Amino acid sequence: MRRLLPALLVLLFWGVAGVPPAAAEPAAGPWEWPVAAPHPVVRPFLAPATRYSAGHRGIDVGAADATVYAPADGTVHFAGVVVDRPVLSIAHEGDLLSSYEPVSTTLAAGAVVRRGDPVGTLLPGHCSSPCLHFGVRLRGEYLSPLALLGGIPRSVLLPTREPGRASARAGPVRPAQLALSALPALPALPALPAQRARS
């Protein structure tokens with residue numbers, strides 16, 4: 001009976017929730033995409049190791065239409081040229097700042113925009129095919145716009161050892177740990193390349 005209890009708890013949870021946790025779809029984000037569908041991510045967000053390191057501080061989104069839309073309510077923070085590229089930035093609730101390039105706009109700093117409002121026109125030149133660079137900062141720190149669009153699924157913690165085999169340091173195995181053994185196995189991740197020793 002003790003071995004069946006964890007499996008019954010998992011089945012009960014699935015019955016109440018409606019689907020297994022791993023199969024659940026990520027919740028839709030509070031923001032809308034700044035370009036009309038389809039909106040493939042041509043180049044993903046790549047967080048820099050440090051504030052001044054190389055990285056891709058946003059996503060490049062393929063665009064079939066040149067109209068750029070406000071993803072959420074906000075106020076135009078900046079509209080102008082940075083180096084040689086037209087940029088539009090919108091300040092949003094919660095200390096968020098979104099930026100779009102290359103985008104021409106007739107809006108000026110201080111203009112109020114609503115979610116879904118057209119805010120500019122995508123210009124060529126950023127990618128080989130039409131694409132919008134879409135960046136987001138939270139209190140000055142870059143984050144992936146997908147976090148606000150609902151494109152990043154929630155993390156699921158997995159066990160670090162076989163069920164029923166706890167180390168002496170970890171203490172006894174609890175029923176919740178055993179319940180994970182009822183979940184289907186996930187495919188193995190590819191091995192990471194070996195790092196070269198630094199001289």
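The values are calculated or read from the model by the stated rules, or taken from the named source; none is laboratory data. None of these values were measured; they are calculated from a predicted model. Positions of Cβ are generated from backbone atoms using ideal geometry, with glycine treated the same way; all protein chains shown enter the neighbour counts.
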Legend entry - residue 29 being modelled with pLDDT under 95, of a type outside the set (Asp, Glu), in a loop (DSSP other than H, G, I, E, B) and exposed (fewer than 13 other Cβ atoms within 10 Å of the Cβ): no
Inset, instruction - All but one of (1) at pLDDT below 95; (2) within 25 Å of residue 123 (Cβ to Cβ); (3) among the acidic types (Asp, Glu) hold for residue 101, so report the exception by its number. - result: (1)
Inset, instruction - Among the candidates 35, 41, 68, single out the residue that is under 17 Å from the mean Cα position of the chain (by Cα) and buried (at least 18 other Cβ atoms within 10 Å of the Cβ). - result: 35
Inset, instruction - Output the residues belonging to the range 76-98 that are of a type in the set (Gly, Ala, Ser) and at pLDDT 95 or above. - result: 79, 80, 89, 91, 98
Legend entry - Residue check, residue 193 out of contact with any Gly (no Cβ under 9 Å at 6 or more places or on another chain) and modelled with pLDDT of 70 or more: no
